[in-house]
Structures are given as C-alpha cells and as structure tokens.
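Asker: Here it is, the structure, as structure tokens.
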Amino acid sequence: MTAPRRVRLDSRFWLVTAAAVAAMAATAALGRWQLDRASQKEALHSAIDTRMHLPPLNADAFGQLVASGSGDALHRRVALRGHWVARNTVFLDNRQMLGRQGFIVVTPLQLEHSPVVVLVQRGWVPRNFQDRTALPPVATPEGPVELSGRTAAPPARLLELEGGHRAEGSSRIRQNLDLDAFRSETGLPLADVSVLQTDAESDGLLRQWPQARAGVEKNYGYAFQWFGLCSLIAILYVWFQLVRRFIRPRTATS
C-alpha cells in the first residue's frame, strides 16, 4: 500500500496565498465602492426628479430662495418675469447641440420687483465658421419679458489654454464665463445659479437641453468588472495553488 504523498507548503505558497487574498479583498472593495457610488447617484437623481416635479417658482419666490443662500434653488422649474440686460449678453463658444458646434447665448435677466439678477442660458445658435468673430443675430426684446425654465449650475467650464481667462471682458465671444469675474465686470448682483430657458424655440435659438441623468450604468459596469476580476483571481488561485498542488498529485499516484 502506497503512503499518501505529502505536499510541502513552502514560502512561495504562502506568498502567493497572501497576494491572492489581498487582490481579492481589494477588487471586491472596489466593486462595492462602485455600487455605493451608483446608489448615491440614484438617490441624487431621485431628489432632482422630485424637485423638478414641484410647482414652478415665480420671480418673487425664486428671488427669496436665491437670497436665502440655500441650495434649494437648484433643479427647480421657474416662471420668471423681468427685463433683459442686453448689453451684457455673451456667447459661449464651442458648445454643442444636436451634434453641431456653435454658441450658447447667455443674457442676464433683472427680475421684476427684485434686486436679483440671474444668468439665463437662452439657447444655442450656430456659428459662422468662415468668420469666427461674427456674432449671429439674436433678438433681445426690450421691456418686460416672461420666460419658463429650470434652474441649473452656472454654465459649465470647458478646457482652455493657459491665460485664456484674461480675454474675459474683452469680447462678447468667450470660452468660459467665470461668475465672480462677470459680477465684477458688469457690477450686477448675479445669483449663484443660472436658468436654462425651456420656452418654445424662437429667435433662431435651439433649446434642446440634455436631460439630467443619473449615469449609474458606468458604475454598474465598473462594479461588474471588479467583481469579475475578483472571481477570476479566486478561480486561478484554486486551480494553480490547490487543485494542481493537492488533488492532481494524489490522483496521479493512486
């Protein structure tokens, strides 16, 4: 009768075991972190969706909410009345809509019966690529205007070359719009939020704004990859460190 073969557990075995356990723990933790991020995004998206279904704020309620300094003014529908400050209209360059390059037209709106001025992203217009300094004609009515929209953060900043911010104030065409710098430049008491105008398209302005999305698909995809890698490490460890070391030698000697 043949004595069972004794397998010697050397330092290499324990080193590989420690490395495998550490790798599985790290990849599993990263997978759980991605799931947590997805859960946080879903909760945030749910809160935004709830705010978007609240009754629209009128100019008075919006002005009071902005003056309070709370973050409750974001992601709300608004129905505002006021006057355009047309002289401070700016055109934000390199903005896309429907896959085309152009400008986002931004004009401050002085709310009626309120000291608050809010930047309104009025819509998108194409640019003249043969004359990049030409401004598209955009009608800005004088007198009281009424508009509908939804509140958002100030216009997103795009990557620009170093020193590009120095051009602010020298042209109505700008790559970015820094809110604090624009306050100093215009002397207007601008609110910390902006408004995306959602009225029917007019004056050649397109208003097909992207809808707020949770973006959890990417997090779930990353979580699947991390958990998959964790499982792969476990399978490889079992096969090479346990099956081939303990089971296959005994099978061969039986």
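Asker: Does residue 17 satisfy being in a helix (DSSP H, G or I), assigned by TED's automatic domain parsing to the domain that holds residue 241, hydroxyl-bearing (Ser, Thr, Tyr) and at pLDDT 95 or above?
Answerer: In short, no.
Asker: What tally of residues in the stretch 185-228 results from selecting those that are assigned to a loop (DSSP other than H, G, I, E, B) and within 24 Å of the chain's Cα centre (by Cα)?
Answerer: 12
Asker: Quick one: in the stretch 126-157, of everything that is under 18 Å from residue 57 (Cβ atoms) and of a type in the set (Gly, Ala, Ser), which residue is surrounded by the most Cβ atoms within 10 Å (Cβ to Cβ)?
Answerer: 149
Asker: In the stretch 210-244, how many are touching a residue at least 60 places away in the same chain (Cβ under 8 Å) and over 24 Å from residue 26 (Cβ atoms)?
Answerer: Matching residues across the stretch 210-244 total 4.
Asker: Condition check: in contact with a Lys or Arg (Cβ under 6 Å, 6 or more places away or on another chain) and either surrounded by fewer than 17 Cβ atoms within 10 Å (Cβ to Cβ) or modelled with pLDDT of 85 or more (or both). Does residue 75 satisfy that?
Answerer: Against the criterion (in contact with a Lys or Arg (Cβ under 6 Å, 6 or more places away or on another chain) and either surrounded by fewer than 17 Cβ atoms within 10 Å (Cβ to Cβ) or modelled with pLDDT of 85 or more (or both)), residue 75 qualifies.
Asker: When both residues are 6+ apart or on different chains and their Cβ atoms are under 9 Å apart, which pairs have a first residue that lies in the stretch 114-130 and is free of Cβ contacts under 8 Å to residues at least 40 places away in the same chain, and a second that is β-branched (Val, Ile, Thr)?
Answerer: Listed pairs, sorted by first residue: 127/173.
The values are calculated or read from the model by the stated rules, or taken from the named source; none is laboratory data. Just so it is clear, the structure is predicted and the values come from calculations on it, not from any experiment. Reconstructed Cβ throughout: ideal geometry from the backbone, glycine too, with neighbour counts over all protein chains shown.
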